[in-house]
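Input: a single structure, listed below in structure tokens.
The values are calculated or read from the model by the stated rules, or taken from the named source; none is laboratory data. Quantities reported herein were computed from a predicted structural model and do not represent experimental measurements. Cβ atoms come from the backbone with ideal geometry, glycine included; neighbour counts cover every protein chain shown.
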Amino acid sequence: MLWSDLEELGKVFAPLQELERMRRVLAKTSFPPAGEFPAVNIWSSGEDSVVTAEIPGVDPSLIDITVAGSTLTLKGTRQGEEVKGDDESYHRRERWHGQFSKVIDLPFSVEPDAVRARFAKGVLYVDLPRAEAEKPKKILITSS
Amino acid sequence: MQENQKEVVKREAEVQEGIERTRSTKVYAPATDIIEKKDNMVLFADMPGVDEKSVEVTLEKNILTIYGKVEPRMPEKRKLVLSEYGIGDYHRTFTVSDAIDRDRIDATVSNGVLKLVLPKAEALKTKKIAVKAEN
């Protein structure tokens, strides 16, 4: 077999392109971290944390938010659509439904009275300021 | 979805191989319930972050397209310490039968859920025929 033959072979198999194609296929099947409903994101700075959760289709007044120390608990129910009688049937049922109770560990203790929650377009935003007592204190050095 | 399945993962919308989107944001396929009723089909799609102004529903021939644009809201000056979901637009297409009355499709958005009511065409509604006893 000649080198020139190999080159010809390469044109048919195009190994590099094939590898690139496989890489793309693999990239599509990445596994994002999964959690219990609802999925949450936590944003934090030294002063406070912001928890966001996607809870579409739930009346915000029926979401129970409690804080104790450095844990935040979200509770509620997401009703599935009812199917009545023989005339109605599901073609697809992908949306999550049922009771949820999610406990979220925060990076630090929070000031319970200063917690604020907002709900817009199916997304819950909870602002959790850090407890005063836990905030880092700067220590001044005194020279004697 | 199973009753006992508690895990939730947003599924990315499918794109044909070799074709790329112009915008670099992620695009998800919203979880959808479709219920067939006597006079209509009802579709519910979970699209958190979307309101009535940012969702588009089109029906071309028999392809029903749902597109929802999400303005990402990232809290400023904070680091993401836990990420269970990604933020992006929503896109999903369905084929619908010709038996849908195109002029009377109704779309509403409430708390991040899109509800579509697709009425069945008058002529194609199933008619129940009463069976009478003959004496």
(request) Specify which of the listed residues (B:24, B:110, B:54, B:97) is small (Gly, Ala, Ser) and closer than 30 Å to residue A:72 by Cα. (result) B:110
(message) For the structure I just gave you, tell me whether residue A:104 is facing chain B (nearest Cβ under 10 Å), over 30 Å from residue B:38 (Cα atoms) and hydrophobic (A, V, I, L, M, F, W, C).
(response) yes
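Where residues in segment A:28-46 are outside any strand (DSSP E or B) and modelled with pLDDT of 90 or more, which of them is nearest to the other protein chains (Cβ to nearest Cβ)? Lay out the reasoning, then the answer.
First, pick out the residues of segment A:28-46 that are outside any strand (DSSP E or B): A:28-34, A:37-39, A:45-46.
Narrowing further to those that are modelled with pLDDT of 90 or more: A:38-39.
Working: A:38: 7, A:39: 4 Å.
Top of the filtered list is A:39.
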(request) Kindly provide the set of residues from segment B:24-46 that are within 9 Å of chain A (Cβ to nearest Cβ) and aromatic (Phe, Trp, Tyr), ordered by number. (result) B:44
(request) Among the candidates A:126, A:83, A:110, single out the residue that is in contact (Cβ under 8 Å) with a residue 24 or more places away in the chain and farther than 18 Å from residue B:48 by Cα. (result) A:110
(request) Tally the residues that are modelled with pLDDT under 85 and either under 16 Å from the mean Cα position of the chain (by Cα) or aliphatic (A, V, I, L, M) (or both), restricting the search to segment B:101-135. (result) 5
(message) Are there strands (runs of 3 or more DSSP E) fully within segment A:92-144 with at least 1 residues that are surrounded by 16 or more Cβ atoms within 10 Å (Cβ to Cβ) and of a type in the set (Ser, Thr, Tyr)? List them.
(response) A:123-129
(request) Could you give me the residue pairs with C-beta distances under 6 Å whose first residue belongs to segment B:92-105 and is of a type outside the set (Lys, Arg), whose second residue is surrounded by 12 or more Cβ atoms within 10 Å (Cβ to Cβ) and part of a loop (DSSP other than H, G, I, E, B) wherever it lies, and which are 6+ apart or on separate chains? (result) B:95/B:62; B:96/B:62; B:99/B:121; B:101/B:121
(request) Just name the residue that is nearest to residue B:107 (Cα to Cα) out of those in segment B:56-85 that are β-branched (Val, Ile, Thr) and surrounded by fewer than 19 Cβ atoms within 10 Å (Cβ to Cβ). (result) B:57
(message) Only one of B:105, B:100, B:87, B:66 is farther than 24 Å from residue B:21 by Cβ, touching a Pro at 6+ places or on another chain (Cβ under 8 Å) and within 14 Å of another protein chain (Cβ to nearest Cβ). Can you tell me which?
(response) B:100
(message) Please pick out the residue among B:69, B:61, B:77 that is in contact with a strand residue (DSSP E or B) (Cβ under 6 Å, 6 or more places away or on another chain) and among the basic types (Lys, Arg).
(response) B:69
(message) I'd like the residue in segment A:47-61 that is assigned to a strand (DSSP E or B) and more than 7 Å from chain B (Cβ to nearest Cβ) and, out of all such residues, is farthest from residue A:98 (Cα to Cα).
(response) A:48
(request) Kindly indicate the residue of segment A:62-83 that is small (Gly, Ala, Ser) and outside any strand (DSSP E or B) and also nearest to the other protein chains (Cβ to nearest Cβ) among those meeting that condition. (result) A:80
(request) Confirm whether residue A:131 is more than 12 Å from chain B (Cβ to nearest Cβ) and without any contact (Cβ under 8 Å) to a residue 60 or more places away in the chain. (result) yes
